[in-house]
1. So how do 82, 12 line up by other beta-carbon neighbours within 10 Å, fewest first?
2. Could you put 166, 56 in order, starting from the residue whose Cβ has the fewest other Cβ atoms within 10 Å?
3. Residue by residue, what Karplus-based ³J(HN,Hα) values in Hz, rounded to whole numbers, does the stretch 17-34 have, using 6.51, -1.76 and 1.60 with θ = phi - 60° and x for Gly and Pro?
Amino acid sequence: MASSDEFLLTQHKQGNPHAFRELVERYTAPIYNLAYRFLREPMEAENVTQETFLRVVTSLERIRLDVPFKPYIFRIAVNLCHDLARKKRPTLFTDLAPRDDDPIEALVDDAPALWERLESEELAARVNAAIDELPAPYQTALTLRYVEDFSYEEIAQALNLPLNTVRTHLRRAKQQLRAKLEIRDSRLEDGKWNL
């Protein structure tokens, strides 16, 4: 059974050099994925991931063990992404094209028929295009909820928002996404193949 984050932090504070390494291994991929989805640049995502852990290391003495660590570390990463996006360019959302580590891919048969693959890729492209049009706070909330599997409470902690605001963001994001997809579907049915 995996040790809790709080246990590992306590162990690290007591001098166990392997405890923090386990936390880094546990959160490197999720933090990188969040940063990549937000920034769409692998090097920038790596920089955000490294800076996140650097900030955690420098604030270890101030980290409270009575609050969950996961939302805390994701809040650092989200803030770094926001800062970087403000400095460089508008916030974007990554492609939802299937990847080897994508949980959706795990549900797909190893050898789907060509038409099934094309249909899946087309749907992913339409969803991605619709998500790209959503406001950045909605994109972030959707990523934390459906990609990182955060609870509503964890999203509220990570984004430093009231719980009801998180619920509102997710509800509005899904409504806007549904409306955008319906508009695209109606264009396809009308023969207007503009995504």
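1. So the ranking, lowest neighbour count to highest, is 82, 12.
2. Going from least to most buried by this count: 56, 166.
3. Listing the rounded values in order: x, 8, 5, 5, 4, 5, 5, 4, 5, 5, 10, 4, 5, x, 5, 4, 4, 4 Hz.
No lab work stands behind these numbers, since they all come straight from the coordinates. Keep in mind that this is a model prediction, so the values were computed, not measured. Virtual Cβ from ideal backbone geometry, glycine too; neighbours counted across all protein chains shown.
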